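The structure appears below as structure tokens.
Just so you know, all these numbers are worked out from the coordinates, no wet-lab data involved. Given the structure is predicted, the values throughout are model-derived calculations rather than measurements. Counting neighbours? That spans all protein chains shown, and the Cβs are built from the backbone with ideal geometry, glycine included.
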Amino acid sequence: QGGALLGPKEVRELAERLGVSPTKKLGQNFVIDPNTVRKIVRLAGVESGDRVIEVGPGLGSLTLGITEVGARVTAVEIDHRLAAELPQTARAIQPEIFADEQDPRLRVIRSDALEITAAQLADAAPERLVANLPYNVSVPILMHLLELIPELRGGLVMVQAEVGHRIAADPGSKEYGSPSAKAAWYGEWRIAGTVSRRIFWPVPGVDSVLVSYERRSIPLGSDAERELTFEIVNAAFAQRRKMLRQALQPVLGPLDQAVATLEAAGVAPTDRAEQLSIRDYLAVARAHGNGHK
Ligand code: SAM
């Protein structure tokens, strides 16, 4: 099984040849199962001709699943050995797809994904994100890309189960936190599946889930509104056990002003952070912006 994808044998041989011993610091757990790769690409909604951004291609397990269906990949990898080897791996495993040098299906950017800029993606903004994200920085990377690339319509990421459930959580649930509220600014998130630890090498100490998203067709608000809304979300969750009339004083001002702004936004001042949807937070930001300060 596998055909033109990397299986357990290929992953190990490649790692050995490159002298790569996977590091925990960079969240290096490589997928060794072609079935899982194909499932991810299918659930991500990737189709022939799509422009996809992949963060952390590693040895190329997922990258080759994306190019296999005829999509183009911009891959952002922090580890220079892995970034340097990826084009060779692609040509060796999928020679028919990578034969045409005039039509590059793969572009590798060696960079920390948290530091890539719009200019680096300018000529062809990706429309879908597919990634097996490094676990310790998965939420900041997601937020950075969603903000940086408005063209990103949707995608699917593999993350640590706990983080995935937090991203997809609804208001009022125990997992709901600032990542859930901020992610909801951009679109709809849902758990699309779970994956066994055995599909990775090395086997990680935590479970993973697949989280898919579709961006809103109309943005909730402007960039300036988003910034203020996120500031309010941060303040609310920094003191999540307190009532909002208390927790939001650093942003909204003293008690009477905070209460007036919350009421103008149609939010009960006695509510707590986890009760508000992102639309409620936006309403608070707008009320604050309108002079209920
Ligand atoms: N996509 C590969 C796969 O599924 O087999 C590898 C996934 S592995 C969980 C995470 C990858 O992200 C590693 O290749 C690691 O070097 C890379 N990485 C870690 N931190 C990064 C960062 N800040 N920016 C870009 N890549 C990063």
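Within straight-line reach of LYS182, meaning a Cα separation under 28 Å, sit the following lysines at least 8 residues removed in sequence or on another chain: LYS24, LYS25, LYS39, LYS174, LYS242, LYS293.
Each of ALA99, LEU26, PRO204 was scored by the projection of its Cα onto the charge dipole of the chain, and the greatest displacement toward the positive side belongs to PRO204; charges sit on the C-beta of Lys, Arg, Asp and Glu.
Each part gets one Cα centre, and for segment 162-208 versus segment 54-103 those centres are 26 Å apart. Calculated mean residue ellipticity at 222 nm for the chain: -11500 deg cm²/dmol, from DSSP H runs with n ≥ 4 weighted as -39500 (n - 2.57), summed, divided by the residue count and rounded to 500.
The alpha-carbon of LYS9 sits under 13 angstrom from the alpha-carbons of these aspartates and glutamates, leaving out residues fewer than 8 places away in its chain: ASP33. When both bridge partners sit in segment 154-293, DSSP labels roughly 100% of those beta bridges antiparallel. If both residues of a DSSP beta bridge must be in the chain, then about 50% of such bridges are antiparallel. Note on the chain: dipole from Cβ charges, positive end direction compared against GLY289, ALA169, PRO57; the farthest Cα belongs to ALA169.
Could you tell me which trypsin sites (Lys or Arg not before Pro) in segment 81-185 are loop residues by DSSP with no more than 12 other beta carbons within 10 angstrom of their beta carbon? When the trypsin sites (Lys or Arg not before Pro) of segment 81-185 are filtered for loop state and at most 12 Cβ neighbours within 10 Å, LYS174 remain. Shown here for segment 1-103: GluC sites (Glu not before Pro) in loop regions (DSSP other than H, G, I, E, B) with at most 15 other Cβ atoms within 10 Å, namely GLU47, GLU96, GLU101. Electrostatic bookkeeping for LYS174 treats Lys and Arg as +1 and Asp and Glu as -1; over the other residues with beta carbon under 12 Å from its beta carbon, the sum is -2.
Just so you know, the Rg over Rh for the chain is 1.04, from Cα atoms, with Rh as the Kirkwood radius. Ranked by how many other Cβ atoms sit within 10 Å of their own Cβ, fewest first, the residues HIS165, HIS80, HIS288 fall in the order HIS80, HIS165, HIS288. Checking every one of the GluC sites (Glu not before Pro) in segment 105-196 against DSSP loop status and a limit of 15 other Cβ atoms within 10 Å picks out GLU151.
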